[in-house]
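Below is one structure, written out as structure tokens; comments come after it.
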Amino acid sequence: MKRMTAWAFMAALVLSLAGVAQAATEVKMTGDARIYGVFFANHNFTGWNTASWDDNNGAYSSAGTQTEDRFQIWERFRLRSDFVANEAVKFRLGILVEDTWGHGTLTAANPTTSIKVYQAFLQFKLPDCDIEVSAGLQDLSLPANAFFTDSVVFGGDRAAALVVTAPLVKDTLSVIAGYSRMLDTNRTYDTTTTQVDDELDLYFLALPITLDGFKATPWGAVAVAGKNAGYFNAGSADYLLSAGAVLNGLSNAQNTYWWAGSTFEVTALDPVKFYADVIYGAGANSDRKASKRQGWFVDLGAEYTGWDVLTPQVFGWWSTGEDGSVRNGSERLPQILPNWGPGNSFLFDDSQELGKESNMGANPVGAWGLGASLNNISFIEKLSHILTFTYMRGNNQPGAIRKMNLLLGSNPYYTMGRDLTTEESLLSVNFDTKYMIYENLAAVMETGWAHGDFQSSVWGHRLASKAREGDAYKVAFGLTYKF
């Protein structure tokens, strides 16, 4: 009896403490859901798969061996819970469920439940000041203009990071410093008794400047890239490494990659506004010559915001491309995971609301292009549209891509439709519509069309010929709900 009384007392104490903690901590929940169907014809301009890394075989799988399923229904649900102790301290937990109808979680019989954590971070302010610290799995992007969606180096994604934001001059100058461990393949113990460099660490610093009619954010970033960090499995090998490094591997156990650039926003001539990004990046400079990678990227956009019924926009970009050799390294800007694209363009993975199966996945690096958009078109209350035309052409010499294809097979490191030669181009149009049924419930339709001209001498007759049979297009329709 005494033992039962003791257990009852302890249970009552725990419950009372939980009640106190619950009273002291406010829980705020926000989230979003989207359910939509996508009809997408001629993925990759062929309706066939591209080459991809096969982890089981440790090599690239062949391109053009699988056919597309043109219609899918996607569903995504995200829930964000903020545990707020006070105005200075909170912890966020975000969970995610996403799959197609009839697969995995959304299978009718014997579903495989998959709930992912996509945010988990602590955020607080240092006592008696405005310095803010965020630590954990959080949304992370390198500086970029929202006009172009996000960063062409790393943006629109999440990473485990420590980020410190500190105001230096109120409303004028601040500093953002951060560190992220993006990859750690083996965690505590490596696969052998000899240590393996299997991490990718990113350090970055930004200085946002705000003046009357002008904003700029100079920034720099340094990545320490381990030789065995699993870039193929992470999907960043094509973005970060040179063709020579993919062919022969990296020589150094660790290589340094670095970027320097700035964003610019000019609103002094409001309602005419200008936006620009200038970035230079380089990496693996101490490795063998073929492993080096370096390049420039510049974009420029303008818009007129003086009309209520629409916002005209124009934009362009240019970046360095590969020369004709794979032996002297890469001449393209190194990237980690980009999320760049103006005007909701169908060519790029940018700002589509119905995100899966939403674009052609073209890479603006190694290319140049021009475009125009009519944004925020609204002649009827609650109904808005965006219409965008985009043209892009490659800056990569055909010789470098042709040599890689001969050595590794078609579409291994470079991908037709994503990486363009100087003789290739893409043309795209998208027309997107949103109707606000209620304040937080919208019906969304996104449409896109793209035409590509490709060289048979680079990609082979089979793929280039298939791309000429029909253009790529999509129609997506669904509902989005935010709470």
task = Please find, among LYS116, LYS90, LYS125, the residue that is touching a Phe, Trp or Tyr at 6+ places or on another chain (Cβ under 7 Å) and among the basic types (Lys, Arg).
result = LYS90
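Results for (1) in the same structural domain as TYR239 (by TED's automatic domain parsing); (2) crowded, with 18+ Cβ neighbours inside 10 Å; (3) modelled with pLDDT of 95 or more; (4) part of a strand (DSSP E or B), shown as yes or no for each residue.
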| position | (1), (2), (3), (4) |
| --- | --- |
| ALA159 | yes, yes, yes, yes |
| LEU162 | yes, no, yes, yes |
| ALA166 | yes, no, yes, yes |
| SER174 | yes, yes, yes, yes |
| THR188 | yes, no, no, no |
| THR191 | yes, no, no, no |
| VAL196 | yes, no, no, no |
inquiry  = Against the conditions (1) within 24 Å of ASN363 (Cβ to Cβ); (2) modelled with pLDDT under 95; (3) not aromatic (Phe, Trp, Tyr), where does ALA253 fall short? Just the number, please.
reply    = (1)
task = Please verify whether region 227-237 includes one or more residues that are of a type outside the set (Asp, Glu), in contact with a helix residue (DSSP H, G or I) (Cβ under 6 Å, 6 or more places away or on another chain) and surrounded by fewer than 20 Cβ atoms within 10 Å (Cβ to Cβ).
result = yes
key: GLY371 being at pLDDT 95 or above and on the phi > 0 side of the Ramachandran plot   = no
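Here is a yes/no grid of residues against (1) modelled with pLDDT under 95; (2) not assigned by TED's automatic domain parsing to the domain that holds ALA260:
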{"position": "GLY104", "(1), (2)": "yes, yes"}
{"position": "THR112", "(1), (2)": "yes, yes"}
{"position": "VAL133", "(1), (2)": "no, no"}
{"position": "LEU137", "(1), (2)": "no, no"}
{"position": "SER141", "(1), (2)": "no, no"}
{"position": "GLY156", "(1), (2)": "yes, no"}
query = Do you know which of the residues in region 99-119 that are of a type in the set (Val, Ile, Thr) and touching a Leu at 6+ places or on another chain (Cβ under 9 Å) is surrounded by the most Cβ atoms within 10 Å (Cβ to Cβ)?
reply = THR100
message = For the structure I just gave you, tell me whether VAL84 is β-branched (Val, Ile, Thr), touching a strand residue (DSSP E or B) at 6+ places or on another chain (Cβ under 6 Å) and surrounded by 15 or more Cβ atoms within 10 Å (Cβ to Cβ).
response = yes
query = Has region 49-56 got any residue that is modelled with pLDDT of 95 or more, crowded, with 16+ Cβ neighbours inside 10 Å and outside the structural domain of GLY230 (by TED's automatic domain parsing)?
reply = no
ask   = Under the condition of being more than 21 Å from LEU96 (Cβ to Cβ) and charged (D, E, K, R), which residue from region 124-157 is surrounded by the fewest Cβ atoms within 10 Å (Cβ to Cβ)?
value = ASP128
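The values are calculated or read from the model by the stated rules, or taken from the named source; none is laboratory data. In this text, all values refer to a predicted model and were calculated from it rather than measured experimentally. Because the Cβ atoms are built from the backbone with ideal geometry, glycine has one as well, and the counts that use them run over all protein chains shown.
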